[in-house]
1. Return the FRET efficiency for the residue pair residue 131, residue 156: r is the Cβ-Cβ distance, R0 is 22 Å, and the value is rounded to the nearest 0.05.
2. When every alpha-carbon pair in segment 76-177 is counted, what percent end up more than 17 Å apart?
3. Provide the packing ranking of 64-75, 30-41, 97-108, i.e. peptides ordered by the mean count of other C-beta atoms within 10 Å per residue, highest first.
4. Compute the signed sum of charges (Lys and Arg +1, Asp and Glu -1) over the other residues within less than 14 Å, Cβ to Cβ, of residue 142.
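We did not get these values from a lab; they are worked out from the coordinates using the rules stated. Here the structure is a predicted model, which is why all the values come from computation and not from measurement. Please note: Cβ atoms are built from the backbone with ideal geometry, for glycine as well, and neighbour counts cover all protein chains shown.
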Amino acid sequence: MAAVTTPVPATSSVAPNTYPRDGRLIGRVSSRLAGAAALTAGILSIAVGTLQFLFPQDEDPAIDPRTRLILVMFTLSLWAFAVLFLGLARYARSSWGAFVAATGTVLLTLGTVTSAANGIDLEFFPIVAMAANALWLIGVVGLTVSLVRAQQMSLWLVLPLPLVQVFLLFFSQMGGGVPAGLFVSALGVVLLAGGAQSRARRRAGR
């Protein structure tokens, strides 16, 4: 009697999620690019935090040249944050949080650019700022949860991510950009050094 062999299901050879994940957009943001963006955002945040601590904004709604410079640097950091979020999505379970957070930071630049250009906050700024900050917060919380679940990055690089927005916005006049910038810069150094990729390779080899 011929031996009966049990066919192996085709799905048994399919590997689970591999990291860093690929995608039409997030696949274009390498760890080095994300690291460079993080370092850029970190350095700019430290500079902005230092200026805001040394020269707090007064109650005058008019924007002086120094505040205009702060707005320009903050705008550049917001674009860098968007790139960073997309790069971090490659080590997360899903990408929706990164896209929502990046949308929030980019939308916020609509307000910062117009304020810097006109020397005063325009009427629509509060509405744009409220929507942008909500998207940023919701997105970064979702991204953080997804990164924790994926277990591809150290918790000390992931858990403080939502606090960056808190320090940059709510503690800005007290120099909140300095601690936020130091953390983001450290994250950038790790990404540039390939720390996230090395951890992902080690976990995939287990």
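1. 0.10
2. Beyond 17 Å sits 52 percent of the P(r) for segment 76-177.
3. The peptides rank, most packed first, as 97-108, 30-41, 64-75.
4. Result for the neighbourhood of residue 142: +2.
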